[in-house]
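The values are calculated or read from the model by the stated rules, or taken from the named source; none is laboratory data. Predicted model only: the values in this text are computed from it and were never measured. Positions of Cβ are backbone-derived with ideal geometry, glycine not excepted, and every protein chain shown enters the neighbour counts. For the accessible areas, the whole protein counts, side chains as well, though only heavy atoms, and no ligand, DNA or RNA atoms are used. Shrake-Rupley method; radii C 1.70, N 1.55, O 1.52, S 1.80 Å.
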Amino acid sequence: MVEKNDWAYPFLQINDELKKADLVVANLESPISTKGIKMGSIYSFRADPRAVAGLSSAGISIVSLANNHVWDYGREALNETFDILKTAGINYIGAGTNYAEAHEPVIKDVKGAKIAFLGYTDLVPRGITGEQSAPAVGYLDLEKIIPDIARAKTLVDLVVVSIHWGTEYETKHNQTQEKIAHTLIDTGADLVIGHHPHVAQEVEKYKAGYIAYSLGNFVFDQNFSADTRTGIILKVTVKNKKLDQVESQKIKFTPTYQPVLDL
């Protein structure tokens, strides 16, 4: 992006496909900020604020911030991320200026269907997930998530839960993921979307709901294996305010890490 002075560069090859959708949701695995102090490992992320132009150009209107890199530069960076996303008109889930906001759904009306989005992870320090935390991140705790889903269900037709979980580089989901996902659908979620492993995992129909255990990479610099240089766009069709069709569209990456359709 810097070399080309094009902050939409990562999305140029995929924009046309994304813009076919009424709503685009993604996991944003980085604060967007100039502030903060490195809190994480050598793999600590902090995006240039100009990079938000890429999210906007791709039509992304909701991002999940509940992931293991959201706290890489601490409180100041996360708070600035909220401000930058708000200015760009991009909603966020899974984190907020306080606990209540982190657990608050983003609700969208898509052609008459009301859809709630929630986000959680178990890959952040517990100290930033409590009721007194400010800012706060939504923690993957069923005792907290189930009431969130129940509240959302009274307001909407469909509930989508985004979860950052699982084991990196494993192409099959594990039993913990399955148990959690099934419980979430049993208690009212309609769609569970997973990420973190950096590789795609199975998409499962469970009762009336669907689970994508891991979408794999999208914009990320991991072309070092066949599994990490491919991913999934999940295409969800809603009809009569219910899930009608859920399709996996495979993607791959150019040598400069732009996602393209894998036809």
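Computed values, structure above
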item	result
Answer from G89, G138 - the residue that is buried (at least 22 other Cβ atoms within 10 Å of the Cβ), of a type outside the set (F, W, Y), within 19 Å of the chain's Cα centre (by Cα) and within 19 Å of V63 (Cβ to Cβ)	G138
Enumeration of residues in the stretch 39-86 that are among the polar types (S, T, N, Q) and either open to solvent by 40 Å² or more (accessible area, probe 1.4 Å) or in contact with a strand residue (DSSP E or B) (Cβ under 9 Å, 6 or more places away or on another chain) (or both)	S41, S56, S61, S64, N67, N68, N79, T81
All positions within the stretch 155-196 that are under 17 Å from L243 (Cα atoms) and in contact (Cβ under 8 Å) with a residue 60 or more places away in the chain	D157, L158, V160, S162, I193
Number of positions in the stretch 218-243 that are among the polar types (S, T, N, Q), open to solvent by 50 Å² or more (accessible area, probe 1.4 Å) and touching a residue at least 40 places away in the same chain (Cβ under 8 Å)	0
Near pairs, Cβ below 6 angstrom, 6+ apart or cross-chain, from the stretch 95-110 (farther than 13 Å from V63 by Cα and modelled with pLDDT of 95 or more) to any residue that is part of a helix (DSSP H, G or I) and open to solvent by less than 50 Å² (accessible area, probe 1.4 Å)	H103/D148
Residues located in the stretch 109-131, provided they are open to solvent by 20 Å² or more (accessible area, probe 1.4 Å) and more than 20 Å from I146 (Cα to Cα)	D109, V110, K111, G112, P125, G127
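Here's the yes/no breakdown for (1) in contact with a strand residue (DSSP E or B) (Cβ under 8 Å, 6 or more places away or on another chain); (2) assigned to a loop (DSSP other than H, G, I, E, B); (3) under 26 Å from F45 (Cα atoms):
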| position | (1), (2), (3) |
| --- | --- |
| Y210 | yes, no, no |
| F218 | yes, yes, yes |
| I233 | yes, no, yes |
| I251 | yes, no, yes |
| Y257 | no, yes, yes |
| V260 | yes, no, yes |
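So that you can scan it fast, the table gives a plain yes or no per residue for (1) in contact with a Pro (Cβ under 8 Å, 6 or more places away or on another chain); (2) within 27 Å of L55 (Cα to Cα); (3) modelled with pLDDT of 95 or more:
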{"residue": "T154", "(1), (2), (3)": "no, no, yes"}
{"residue": "Y169", "(1), (2), (3)": "yes, yes, yes"}
{"residue": "G194", "(1), (2), (3)": "no, yes, yes"}
{"residue": "D227", "(1), (2), (3)": "no, yes, yes"}
